[in-house]
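Working notes for the structure below.
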Amino acid sequence: MPNEIEISHITKGYGKLLAVKDLSLAVPRGTVFGLLGPNGAGKTTLVSILTTLLKPTSGTARVGGHDVVRDGAKIRSLIGVVPQDNNLDRYLTARENLILHAKMHRMGPSAYNPRIDELLSLMNLTDRQKDFPPKLSGGMQRRLVVARALVHDPRILFLDEPTTGLDPQAKRLIWDYFLSLKRDRTLFLTTHNMEEADFLCDQITIIDNGSPIASGTSAQLKDMAESSWFYEIGVHRGAEEYLRIFQRLPFIDCSSLQDGQIEVCLKKDGSLGALVEQIHPRDLKRISSRQPSLEDVFLKLTGRRLRQ
Ligand SMILES: Nc1ncnc2c1ncn2[C@@H]1O[C@H](COP(=O)(O)OP(=O)(O)OP(=O)(O)O)[C@@H](O)[C@H]1O
Ligand SMILES: [Mg+2]
């Protein structure tokens, strides 16, 4: 399969701040690519460059074979975009928002009306199509933005945290729909949601501070953390104090406090026994091991959590 998206040494600076640093990657046609990273990593900046809203400071990128700086109009006709923020027109009804988008893509009523009916029904918005966006809930607005990106059946979809704010049921429905699109379309997704990346993406790149720190399939990335052992430790008291003690142990790779639980990752030669010895029996509530997640990969590589 040819590459539908090719990014070559892209850098983007806002004044002195480099939001994206010398980033290169390629996305084959017919696949779902996921960009994973914490707040401020540079995900939206990269999506803005690829969707021709921002010009890179240096480097080149091609979308659908077209250069993002020189062939903006061609790219815009090929892509659908779910931006991070719901940028609906508040003075148009839900349906009129979709019609406006269809007209901008030169669709006539005989093409757009059935398509809009189908998408409104899919997104469970048929009953709300005459409402103006401010009257819709956050999740409904998000579903409308997703529907809008799909009206013209684009070949390439850019989805910047598409399911943020959706309930699990709506999330699942949209994920299934995205997967059904995959065969001849390409999806470029940003997310903080590990489950979303796991479920949807063929390839994932984790970025931090504008640079890629790891790439691969979800399974390959998790393998990177596989050589370590992850434990969740519940204590009755003094979680923060214990965390400080653990952090001083030489065989601890990473550790953090999550919802009052201590999460530690032991180095290969680390001993659980030696760790448990540090905890007063009176304080130990429970200890459990678990499979590494994408979140653990990030934690292991950076010492920080994806969602701070
Ligand atoms: N218009 C702008 N002017 C100046 N700095 C900006 C601008 N937009 C983004 N930045 C900065 O660039 C960096 C990357 O921001 P970006 O929005 O691309 O991150 P992100 O990965 O999408 O984060 P989030 O997960 O919070 O959406 C941040 O440090 C941000 O403050
Ligand atoms: Mg963003």
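Annotations for the structure displayed:
- Folded to 0 to 90 degrees: helix 138-150 orientation relative to the chain principal axis, Cα: 60 degrees
- Sparsely packed loop sites in the range 233-308 (the GluC sites (Glu not before Pro) outside DSSP H, G, I, E and B with at most 10 other Cβ atoms within 10 Å) comprise Glu277.
- Extreme residue, positive dipole direction of the chain, given options Thr45, Leu187, Ser110 (C-beta unit charges): Ser110
- Cα-based values for the range 48-115, radius of gyration first and Dmax second, are 14.4, 43 Å.
- Violating pairs (Cα-Cα greater than 26 angstrom) within the set Lys21/Lys300; Lys55/Lys300; Lys103/Lys135; Lys12/Lys267: Lys55/Lys300; Lys12/Lys267
- Peptides 10-17, 186-193 ranked from most to least packed by the mean count of surrounding Cβ atoms within 10 Å: 186-193, 10-17.
- Accessible heavy-atom area order of Met104, Met1, Met123, highest first, probe of 1.4 Å: Met1, Met104, Met123
- For Lys55, net neighbour charge (Lys/Arg +1, Asp/Glu -1) across residues whose Cβ lies under 15 Å away: +2
- Full extension of the chain between Leu53 and Asp259 yields a length gain of 70.3 nm, computed as 0.36 nm times the residue separation minus the alpha carbon distance.
- Student exercise, the chain dipole from Lys, Arg, Asp, Glu Cβ charges, in Debye to nearest 20: 740 debye
- Highest mean packing comes first when the peptides 43-51, 282-290 are listed by Cβ atoms within 10 Å, giving 43-51, 282-290.
- Shape call, the range 3-216: gyration tensor on alpha carbons, a/c limit 1.5: prolate
- Rounded if a/c under 1.5, otherwise prolate or oblate - the range 229-291, Cα gyration tensor axes: rounded
The values are calculated or read from the model by the stated rules, or taken from the named source; none is laboratory data. Since the structure is predicted, the reported quantities are computational estimates derived from the model, not experimental observations. Every residue, glycine as well, gets a Cβ built from its backbone with ideal geometry; the counts of neighbours run over all protein chains shown. Surface accessibility is based on the protein's heavy atoms, side chains included, excluding ligands, DNA and RNA. Shrake-Rupley method; radii C 1.70, N 1.55, O 1.52, S 1.80 Å.
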